[in-house]
Amino acid sequence: MKKYSYVGISFIILVFGIIFIPKIVNRVQDTSVVKNDRMSANNPVANEKLSYIKINGKPRKVPEFAFLNQDSLLITNHDYRGKVYVVEFFFTSCPTICPKMTKNLVFLQDQLKGVEDFGVASFTINPKRDTPHILKKYAENHGVINPDWHFLTGEREDLFDLANSGFNIYAAENPEVLGGFEHNGFFALIDQDGYIRSRYDASGNPIIYYRGTIDIEEGKDENGEEEQISILLEDIKKLLKKEG
């Protein structure tokens, strides 16, 4: 009986080798390894087409806007046409997350120095204080040199509507919190045609926005959330090359 058992096992192994080994080799050679083989559940999927953020099944575009920048020039969404840009909501006197968000955006600026088709739109949520003069000083103090990085201010209601309804990025005035305002530290990525874009996560869902409050050097925050500035840089480059 043992002799026949050994023969049976040997036969099964032989059949497995004939049928499956060539398939495994071919799968590796043509790099068609499934996503879960090369990605952990905590990391966004790399080297994939970027998602269009959709509302009611339609790709979402940046809403129309018109605000004054740090040079008191009227800037609209049409001024960013043909450019890849990042949107944030902040305020210059923010004592918590804004300095780190600005630092991360300056990092992106420096990594993309000389790229004409990259810009940033920084919308203040404290327009009463953040006049064009204050915004210009803030830009100068933080080393902003990209001519397409506009710090934008205007009517309070218009700015809050753009944040909360236009982008669904939470912003509100709250005298009980440090700094008097609370907001999400997200960055939105916009393509050359004005569409909001993002990469997919490991489960195949759009991440929608990128974390702006954790820098590359930190890697993770105290809650274990990973930095996304490095992947945002990758995705900006992808859009600039029109590979997204």
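Leaving ligands, DNA and RNA out of it, rank E234, E222 by accessible area with a 1.4 Å probe, largest first. List each step's numbers first, then the result.
Numbers: E234 95, E222 160 Å².
Output order, biggest surface exposure first: E222, E234.
How large, in percent, is the carbon and sulfur part of the accessible surface of region 200-243 at a probe radius of 1.4 Å?
Numbers: 990 of 2420 Å².
Reported share for carbon and sulfur atoms: 41 percent.
For D193, D221, D235, write out the residues from largest to smallest accessible area, computed with a 1.4 angstrom probe and no ligands counted.
Largest accessible area first, the list is D193, D221, D235.
Just how much of R211 is accessible, in Å², when a 1.4 Å probe is used and the result is rounded to the nearest 10?
60
Can you tell me the accessible area per residue over region 179-244, all protein chains present, probe 1.4 angstrom, in square angstrom?
45
Set the bar at 25 Å for Cα to Cα. Now go through K54/K241; K61/K238; K61/K128; K103/K137; K100/K241 and name every pair that lies beyond it.
K61/K128; K100/K241
Once neighbouring chains are kept in place and the probe is 1.4 Å, which whole percent of the accessible area of region 106-195 is contributed by carbon and sulfur?
The computed percentage sits at 47.
Would you rank E88, E155, E226, E218 by solvent-accessible area, highest first, keeping every protein chain in place and using a 1.4 Å probe?
So the residues, ranked largest to smallest area, are E155, E218, E226, E88.
Identify all aspartates and glutamates with a Cα-Cα distance to K237 below 19 Å; exclude those on the same chain that are fewer than 8 residues away in sequence.
E48, E88, D110, E116, D117, D148, D191, D193, D201, D215, E227
If you roll a 1.4 Å probe over the heavy atoms of the protein chains, what accessible area per residue do you get for region 59-146, in Å²?
It amounts to 46 Å² per residue over region 59-146.
The values are calculated or read from the model by the stated rules, or taken from the named source; none is laboratory data. All of these numbers come straight from a predicted model, not from anything done at the bench. Quick note on the areas: whole protein, heavy atoms, side chains included, nothing else; ligands and nucleic acids left out. Shrake-Rupley method; radii C 1.70, N 1.55, O 1.52, S 1.80 Å.
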